Amino acid sequence: MGFVLDAIIREDIFIGPETVSVDFLTDSFDISKAESDFSVQLTYDNGSAVNVNLYLEVSSDNVNFSEITGSGQNISDASGSHIWDIQGSGAVFARVKIEVIAGSIDLQKIEYTGKRRH
């Protein structure tokens with residue numbers, strides 16, 4: 001009987017609230033502990049005239065980051081959440097980039113969840 005692959009890695013990357021009205025970048029976080037798939041979820045509210053792009057970036061050396069192809073998402077709602085569901089990344093580090101075109105949001109939380117056997 002094998003070990004169960006389960007979502008047992010949970011880490012708060014950011015806990016707000018913080019009003020984001022200019023470009024915002026989280027600190028990098030280690031995604032190497034996940035054996036397989038992982039997700040990053042972002043929640044926000046109290047938006048005003050929202051025109052914001054969200055990106056997930058990854059790196060192998062924690063210095064040079066690149067956007068995950070297709071990770072860009074434009075949001076225009078005053079509140080909501082976004083999730084990146086990543087399958088089998090070979091990267092070691094990740095971070096979230098928020099590009100503000102117009103308006104602002106109150107960033108509430110960014111959470112990383114990964115899977116590994118236990």
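Where a number appears in this text, it was derived from the coordinates with a stated rule and is not lab data. Small disclaimer: the values here were computed from a predicted structure and weren't measured. Glycine gets a Cβ as well: all are built from the backbone with ideal geometry, and neighbour counts include every protein chain shown.
Here's how it looks for PHE14: its modeled amide H is under 5 Å from those of ILE110, which are all 5 or more places away or on a different chain. Averaging the sequence gap over all C-alpha pairs within less than 8 Å and six or more residues apart, then dividing by the number of residues, gives the chain a relative contact order of 50 percent. Using 0.36 nm per residue and subtracting the Cα-Cα separation, the extra length available between SER60 and ASP85 on full extension is 7.1 nm.
For the residues SER21, SER104, SER66, a GNM of the chain with alpha-carbon springs under 10 Å puts the largest fluctuation on SER66. Residues within the reach of a label modelled at ALA49 (point 7 angstrom out along Cα to beta-carbon, backbone nitrogen below 19 Å), restricted to segment 17-42, are 19-24.
What is the calculated FRET efficiency for LEU25 to ARG117, with r their C-beta to C-beta distance and R₀ = 41 Å, to the nearest 0.05? The calculated FRET efficiency here is 0.80. Among ILE110, ILE105, a tally of other beta-carbon atoms within 10 Å of each Cβ gives an order, fewest to most, of ILE110, ILE105. In terms of surrounding Cβ atoms within a 10 Å radius of their Cβ, SER89, SER60 rank from fewest to most as SER60, SER89.
The simple spin-label model puts a point 7 Å past each Cα toward its Cβ; for GLU99 and GLN73 those points are separated by 1.6 nm. Computed about the Cα centre, the dipole magnitude for the chain is approximately 320 debye when only Lys and Arg (+1) and Asp and Glu (-1) carry charge, each at its Cβ. Averaged over residues, the count of other Cβ atoms within 10 Å places the peptides 40-52, 74-86 in the sequence 40-52, 74-86, highest first.
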